[in-house]
Every structure is written in C-alpha cells, then in structure tokens.
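Below: one structure, written as structure tokens.
Just so it is clear, none of the values below were taken in a lab; they were calculated from the coordinates. All values derive from a computational prediction rather than experimental measurement. Because the Cβ atoms are built from the backbone with ideal geometry, glycine has one as well, and the counts that use them run over all protein chains shown.
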Amino acid sequence: MRILGIETSCDETAAAVVEETGDVHRPWLIRSSVIASQTPIHREWGGVVPELASRQHIRDISGVVERALGEAGARWGDLGAVAVTQGPGLVGSLLVGVAFAKAAAAAAGIPLVGVHHLAGHIESLVLQNGELPLPAIVLVVSGGHTSLYLVDQPGHYRLLSRTRDDAAGEAYDKVAKLLGLGYPGGPVVDRLARRGDDRAVRLPTTRLTHPDRNHPEIPGDLDFSFSGLKTAVLRYVNSRTGAGATRSVLPEREVADICASFQRVVVTALIERAFAAVRRYQAVSLGVAGGVSANSRLREELTLHGDQRELPTFLPSLALSTDNAAMIAAAGLRRFRAGVHASLDLNADASLAL
Ligand code: KG4
Ligand code: ZN
C-alpha cells in the first residue's frame, strides 16, 4: 500500500509518497518527498511570520502534492490513505494541510489519518534505519520542542521530559539573531562553531534538580532549559559591544568562539540527559530526531558516546532531520495499521499532545 503524507505545520509545505514493504524490520520506503521551503520569505523578518506562512502554504500545496504524486509515479487511485500533520504547530498553517488532506481523502474515497508532528520526527528514525531495538529512548529536538520519549513498543511514545522554556532549535535561532547571523540560526551557528574555540566563552550549564511543578508526575531532572543560556550569550555580547550595539563590532573570530561555546553547552546537555534516560529506563538503543539532529556536533557526539557505551544509536539522514512529509506518511502508516482513522471533521490542533 502507498500513502500520501502532507506536512504544513510551520514554514515548509511538504508532500511525500511512502510505500509499505512487507518487511517487518524495514517497513517503509520513500517513493517521493517534495519540500517547498518558505525560508527566503521569513528570513526578511528574522523569523516565521504566521500569517505569511499560511498564505504561502495555500499557494504551494497543490503543486507540491502533484509533484510528490508525479515523482512517485502514483495516481490518486493508487493511494491507500492520506496522512496529515494535525498538530502541534501554527494553526493557520496546519489548517491548510488538514483542509487539503480532508478534501483529497473525500474526493479519492480513501481514509484520512491525523498525525502528531513529533510522532513524525520519531518515525523518521525508522524510515531511515528500520525498526529500532526496543525499548528505545528518542530525543526529539527541533525549533519548537526538546523532549525525551521512551518507545517500548512500535508506535507507543511515552513522554519522559521536555524543555521548561526554550527549545534547543529556538535557542540556536535566538543566539543567531542576537549575533546578527540571520534566520534560521541552527545551520549558520553550526558552521561557524566549527571554526571557534568551544572553551573561549564561559557559559552556564543547566542543572535541574527539582521536579517540574507543572508536571509533578515526572521527576523533572531529565528536563531541559535553554533560556538562561541564551540570556548568558546576550549578556556576554552586550558586555563586549555595549548594550544596543550590533555584533558587527565583534571580530569574526570571537563570533565563532561564541558559537562554538554555545554549541558545546547545548550538545552536552542534550547528550547527557539522553544517555541518563537510557540508563534509567534500561533502553537498548537511542535515537535523536528533529531539525537540530542535523547539527554536526550533536551527530558526532551521539555516535561517539554510543560507541563508547556499546549502545546502538540512530539518526535520520539530513534530509529527514528537518521538516518533511515522508516522516508524516510513515507515522500515518503506523497509525493506519493500528486501526486509527480520522473522520472528515478532523481539526487542526496547535497544541496537540502526544
Ligand atoms: O524540525 P524542524 O525542521 O522544525 C520544527 O519542527 O521546529 O526544526 C527546525 C529547527 C530550527 O530551530 C533550526 O535552527 C534547527 O532546527 N536546525 C539546527 C540545524 N539545522 C536546523 N540546529 C542546530 N544545528 C543545525 N545544523
Ligand atoms: Zn519539526
């Protein structure tokens, strides 16, 4: 069976066709994956402008879906279902994908499946690597989320911890902005960090020892926090340039040092807590997914620490790290096979829980 996936939760309009293989270890194959990125539109504003995003999704969605079908050599009649990101994300953006998917499913007479965006990121690991050895810990680290999940059965995701303030990707974007490096910040900070000294700037590491008062049922010491780090970078930059000045007065070398030092602290926090969760839940594998999993240092350290501990570690390809629809199609197939369908009154949910 082939499924069409649609993703419009943020600033990428994406569609993909994914096929079931019948192989239990490697259940899915990507037949096509098309992404229309809105980055150039939002860059001008220093971040995603929700209203511009929804309008651009409307312009792009039909063409993107047609290309995904064309590249897969599929017609509507060849599809067994349509999967769409229901949330979380920007509600106006989500609505475009959800409305399109409902119309398509109704017109083609095929089932509709609503997918949680983070389930998509988790399943990108399976799409890339085949089924993970379970129980697995999966760290989802993106522009909107930094969360640890325990996957004890395929398709079962138990939230263990999350960020109490900024997501890691958000911290990258904010630090890039205050350094005048543009949007999105992750890739450029990553690139500059490679040329810097990661011990040059002293930045605080986050230590969380008290349970999260908002979620007393989870211990909280596996939680993340990145807003203090971002503020520390801001203070450092202000102390070097004078508040209100732009970083253009900072030498390139120093900008690279700031990026490297910031990246060291972020990656260390992510790696430490992910491996702590592996130990606590006796997981037999560890995966990292989401936009920040494209980060070169995070990828290297995950593999290195995994090898040292003889723990299998998994990453998506770079193309599957950032938002795409192939992962939504894969998560949709998982749900479809578990008997989950959505009715045509499916609604976008900006803060959908997983
Ligand atoms: O998963 P994603 O494409 O969208 C969300 O669901 O949020 O993640 C986007 C985030 C952005 O914050 C971006 O700056 C970050 O991923 N990102 C990176 C890298 N590439 C993208 N962060 C660090 N290093 C990278 N190489
Ligand atoms: Zn995402």
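Key figures for this structure:
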quantity: Solution diffusion estimate, µm²/s, Stokes-Einstein, the chain, Kirkwood Rh from C-alpha pairs, 37 °C, viscosity 0.692 mPa s; calculated: 158
quantity: Under the Karplus curve 6.51 cos²θ - 1.76 cosθ + 1.60, θ = phi - 60°, whole-Hz ³J(HN,Hα) for segment 261-276, x wherever Gly or Pro sits; calculated: 5, 4, 4, 4, 5, 5, 5, 4, 4, 5, 5, 4, 6, 5, 6, 5
quantity: Karplus (6.51, -1.76, 1.60) ³J(HN,Hα), θ = phi - 60°, over segment 76-92, in Hz, Gly and Pro reported as x; calculated: 3, x, 8, 8, x, 5, 10, 10, 9, 5, 8, x, x, x, 7, 4, x
quantity: Pairwise Cα inverse-distance average, inverted: Kirkwood Rh of segment 13-121 (Å); calculated: 14.9
quantity: Protection-proxy order for peptides 293-299, 279-285, each taking the mean of Cβ atoms within 10 Å per residue, highest first; calculated: 293-299, 279-285
quantity: Acute angle (nearest 10 degrees) that the helix 227-241 long axis makes with the longest principal axis of the chain, alpha-carbon atoms; calculated: 50
quantity: Residue 235 versus residue 272: modelled label distance in nm, points set 7 Å from Cα along the beta carbon direction; calculated: 1.8
quantity: Burial ordering of 258, 328, 41, 137, fewest other beta-carbon atoms within 10 Å first; calculated: 41, 258, 137, 328
quantity: The chain - percent relative contact order, Cα under 8 Å, separation 6 or more; calculated: 25
quantity: Mean projected area (nm²) of the alpha-carbon convex hull when segment 119-166 is viewed from all directions; calculated: 3.2
quantity: For peptides 222-231, 43-52, sequence by mean Cβ density within 10 Å, most packed first; calculated: 222-231, 43-52
quantity: Between helix 50-72 and the chain: long-axis angle, C-alpha atoms, 0 to 90°, nearest 10; calculated: 50
quantity: Equivalent-ellipsoid semi-axes of segment 225-305, from the Cα gyration tensor, Å, largest first; calculated: 32, 13, 9
